[in-house]
Amino acid sequence: MMDYSVYKEKSIEGRYITMESIGSCLSKLSIAPIPIGDSVNGVVINAFKLGAGDKKILMWSQMHGNESTTTKALCDMFNFLGSKEPLAHTILKHCTLMIVPILNPDGATVYTRENINKIDLNRDAKNLSQPESRALRELFESFEPDFCFNLHDQRTLFSAGKTNKPATVSFLSPASNKERHITPTREVAMKLIVAMDSMLQNHIPGQVGRYDDGFNDNCVGDAFQKLGVPTVLFESGHYPRDYSREKTREYIFLSILEALKTIAENKIDLYKTGDYFSIPNNQKLFFDVLIINPTIVNPEIETGHAVGIRYKEVLDDHKISFKPEIAEIGPLEGFYGHQTIECVDNKDFGFTTSQKEILDLLLNFNK
Ligand SMILES: [Zn+2]
């Protein structure tokens, strides 16, 4: 078994990851960065080319500036590929990787999904209105990849199917037309996802989900798939108590590695398209905190109702803090909390000091 901790890039952790924070990881690389364009604010966007094989794989992370887990996993991957592991050798022999660690550096700095012009780059594949979108498209056209990995984070609200398990990792083989036909291109991406899911089930059983494949050719994945290149969407999700997404980072690293291994060793066709459809569809069943019987805290809240709290991620002095907000009040049957608080006593509500903010929210709530 490979020991992940050996390859984990120690210079970065947590959710706030910028060009600056990955600087020391990238400066260790013996390869020169390839500038592919400038962001709106004039930050150079770099790609890194590794390997010399005939299977070409293009990956980009943080096209959504506040989605940094996959960027951390890519830094771990650079360490792995620079090691003496036989698998690293196999991958670099059979594949050529083109990796963009941060596509949206301005959004990363201010911790927003969108770029600095408030444009969602993953809804700009047709218009190509932003320099970051054009940089990726031009790289796609010049590199001519055989596979694309589109790397993201998802919110904590997703469950893997109608279960009480969070979707710690989710995938999608995007549609390439409105009819959502299963084209040969989509099938290749589906098989790669099945390979990764099979591996992940040994680590996080029941915690892998699949996204809805509604077609939108303004999304980059759909657009590239439509152009005939198998494209896999990766989504890093919630692992219990891991708001810094350091555990999920490991599962994303292992997923990317499994996909590269499957491609390098020519094993894609060992997997079946049908198994892709056995991966449960993501559902939105989670709150960060679910409060049962909140009437005890505040009689204004109807008896029998529960309160669902979601955290808002706030950038505060180079760190992300998690600010609770009331998302929903109602019977909330069939919903789950990453944490559940049951109010049972009039004096001791069961809230710890760190949950004082949540208690204040409840006390101040009025209809
Ligand atoms: Zn995203």
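Would you mind telling me which residue in Gly14, Gly330, Gly209 has the biggest mean-square fluctuation in a Gaussian network model of the chain, where springs connect alpha carbons within a distance under 10 angstrom?
With Cα springs under 10 Å in the chain, the top fluctuation among Gly14, Gly330, Gly209 is at Gly330.
What ranking of Asp360, Asp197, Asp124, Asp316 comes out by heavy-atom accessible area, probe 1.4 Å, highest first?
Ranked list, largest accessible area first: Asp316, Asp360, Asp197, Asp124.
In terms of modelled amide H atoms, which long-range or inter-chain residues lie less than 5 Å from the amide H of Ser244?
Amide H to amide H, under 5 Å and 5 or more residues apart or across chains, Ser244 pairs with nothing.
Tell me, what % of the accessible area of the chain is carbon and sulfur with a 1.4 angstrom probe?
That fraction is 49 percent.
Send over a whole-number figure in Å² for the accessible area per residue of the chain, probe 1.4 Å.
44 Å²
With runs of 4+ DSSP H residues as the only contributors, calculate the mean residue ellipticity of the chain at 222 nm using -39,500 (n - 2.57) per run, divided by the residue total and rounded to the nearest 500.
Value at 222 nm, helices only, nearest 500: -8500 deg cm²/dmol.
Can you tell me how segment 193-241 classifies by the Cα gyration tensor, rounded, prolate or oblate, using a/c under 1.5 as the rounded cut?
Prolate, since a/c reaches 1.5 and a/b exceeds b/c.
Give the accessible area for Glu13 in Å² (nearest 10); use a 1.4 Å probe, count only protein heavy atoms, and leave out ligands, DNA and RNA.
That residue has around 140 Å² of solvent-accessible surface.
Taking Cα atoms, how many degrees apart are the long axis of helix 246-264 and the longest axis of the chain, rounded to 10 and kept between 0 and 90?
Roughly 30 degrees between the two axes.
Springs between alpha-carbon atoms under 10 Å, Gaussian network over the chain: tell me which of Thr109, Thr69, Thr231 tops the mean-square fluctuations.
In the Gaussian network model the winner is Thr109.
Return the long-range amide H neighbours of Ile341 (sequence gap of 5 or more, or a different chain), with a cut-off of under 5 Å between placed amide H atoms.
Excluding prolines and chain starts, which carry no amide H, the hits are Leu290, Ile291, Ile292.
Give me the three principal axis extents of the chain from the C-alpha atoms, as integers in angstrom, largest value leading.
68, 44, 44
Order the following by accessible area, largest value first: Glu342, Glu325. Probe radius 1.4 Å; ligands, DNA and RNA are ignored.
Glu342, Glu325
Cα centroid distance between segment 241-282 and segment 318-335, in Å?
29 Å
Label points 7 Å out from Cα along the Cβ direction at Ser244 and Asn266: separation in nm?
4.4 nm
I need the phi-derived Karplus couplings for segment 322-334: 6.51 cos²θ - 1.76 cosθ + 1.60, θ = phi - 60°, integer Hz, Gly and Pro marked x.
Once θ is set to phi - 60°, the couplings for segment 322-334 become 10, 9, x, 9, 6, 9, 7, 10, x, x, 6, 6, x Hz.
The values are calculated or read from the model by the stated rules, or taken from the named source; none is laboratory data. The structure displayed is predicted, hence computed values, not measured ones. So basically every Cβ, Gly included, is an ideal-geometry build from the backbone, and we count neighbours across all protein chains shown. Accessible surface areas use protein heavy atoms only, side chains included; no ligands, DNA or RNA. Shrake-Rupley method; radii C 1.70, N 1.55, O 1.52, S 1.80 Å.
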